[in-house]
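> Supplied in structure tokens, the structure appears directly below.
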């Protein structure tokens with residue numbers, strides 16, 4: 001009960017007790033009669049307490065019950081026990097922190113725990129000046145793994161779609177990797193949590209026309225990652241080889257702008273070329289896309305190269321799994337580049353797939369190096385032959 005801006009001591013005690021009664025305190029949310037419980041102060045802290053209690057349970061299930069990463073050890077200590085101990089300690093400290101907050105009569109909403117969460121009004125997506133069902137459906141589909149990546153190809157410039165798909169991609173990759181390494185129970189549990197989050201977010205889009213998404217802008221996307229790697233490599237080369245030293249931020253900005261301008265330049269060149277006559281999605285289907293190599297002089301040149309490298313990776317993974325070097329389900333990872341960028345065939349014709357196209361460029365550099373070396377050897381032999389003829393004369 002709150003009177004004149006002052007919170008009654010019984011209300012504070014109930015808020016504190018919500019952190020101490022494991023899950024039982026959730027019943028406070030259903031209470032409608034007790035004025036010392038049925039108020040915003042107690043209920044806000046009850047929601048925080050419930051989330052912390054749930055985190056304790058999830059940590060126990062994943063690292064103790066399912067023994068996630070139990071086979072990995074550091075100094076003879078199981079990694080699952082190390083992570084469980086660390087998380088339990090962190091959660092316990094968090095619990096004490098929020099008990100202190102409650103004792104100081106400070107009111108917080110559940111979303112205030114995470115500074116990376118955000119709620120915003122939906123804006124028009126397809127530029128038809130109205131917020132319609134298509135816009136809402138686009139956002140809802142963006143939460144769905146793989147399907148959301150198709151959507152991203154059409155709306156990759158929209159900030160809302162970009163942020164949702166960014167979260168979708170990283171969560172899906174983590175779940176896929178956990179599944180690939182044999183922890184199917186953990187991957188199913190994490191999938192369940194993501195499904196709940198996606199459903200809740202979708203309902204919020206329909207009912208309130210607002211978005212709830214986690215801001216992961218501090219995690220670079222694939223294009224930013226490859227650019228950062230190149231930037232740091234050039235930074236170290238400048239340092240150790242005594243070249244002109246540039247600040248890392250200056251190198252990063254230059255690399256980002258270079259990649260952007262290069263794509264614009266290549267896109268203009270492709271405008272003069274013809275489209276392929278077959279369904280364009282075949283370009284990204286492994287093995288089948290090998291016939292597309294005959295059409296490298298088309299408008300889809302860069303995507304054909306992307307697809308060919310994916311086929312190469314598919315063959316390598318298949319061979320490694322055949323000889324039991326890696327699990328066969330590693331092929332699942334190829335679904336990400338295939339579905340994520342298949343719509344770029346139309347929206348970004350000069351798109352170079354991060355890390356994948358770099359493999360092709362590495363092959364080209366190696367080939368040019370051998371060709372250059374061969375030409376130099378040939379020229380040297382010609383010079384030696386010429387000198388021998390002059391000596392004979």
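The values are calculated or read from the model by the stated rules, or taken from the named source; none is laboratory data. Predicted model, so just to flag it, every value in this text is computed and none were measured. Here Cβ is always computed from backbone atoms with ideal geometry, including for glycine, and neighbour counts include all displayed protein chains.
> Of all residues being without any contact (Cβ under 8 Å) to a residue 40 or more places away in the chain and touching a helix residue (DSSP H, G or I) at 6+ places or on another chain (Cβ under 6 Å) in region 44-63, which is farthest from residue 85 (Cα to Cα)? Just the residue, please.
Among them, the one singled out is 46.
> Can you tell me which residue within region 163-214, out of those that are under 17 Å from residue 152 (Cβ atoms) and touching a strand residue (DSSP E or B) at 6+ places or on another chain (Cβ under 7 Å), is surrounded by the most Cβ atoms within 10 Å (Cβ to Cβ)?
Once the filter is applied, the top-ranked residue is 164.
> Same structure, new question: How many of the residues making up region 164-195 are without any contact (Cβ under 8 Å) to a residue 24 or more places away in the chain, out of contact with any helix residue (DSSP H, G or I) (no Cβ under 6 Å at 6 or more places or on another chain) and under 12 Å from residue 143 (Cα atoms)?
1
Per-residue answers, yes or no, for (1) modelled with pLDDT of 85 or more; (2) surrounded by 15 or more Cβ atoms within 10 Å (Cβ to Cβ); (3) assigned to a helix (DSSP H, G or I); (4) assigned by TED's automatic domain parsing to the domain that holds residue 189:
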| site | (1), (2), (3), (4) |
| --- | --- |
| 59 | yes, yes, yes, no |
| 88 | yes, yes, yes, no |
| 93 | yes, no, yes, no |
| 96 | yes, no, yes, no |
| 101 | no, yes, yes, no |
| 127 | no, no, no, yes |
| 138 | yes, yes, yes, yes |
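> Could you list all residues from region 28-50 that are part of a helix (DSSP H, G or I) and either in contact with a strand residue (DSSP E or B) (Cβ under 8 Å, 6 or more places away or on another chain) or surrounded by fewer than 16 Cβ atoms within 10 Å (Cβ to Cβ) (or both)?
Those that are part of a helix (DSSP H, G or I) and either in contact with a strand residue (DSSP E or B) (Cβ under 8 Å, 6 or more places away or on another chain) or surrounded by fewer than 16 Cβ atoms within 10 Å (Cβ to Cβ) (or both): 29, 30, 40, 41.
> Got a number for residues in region 10-27 being surrounded by fewer than 18 Cβ atoms within 10 Å (Cβ to Cβ), under 12 Å from residue 102 (Cβ atoms) and more than 38 Å from the chain's Cα centre (by Cα)?
Here the count works out to 1.
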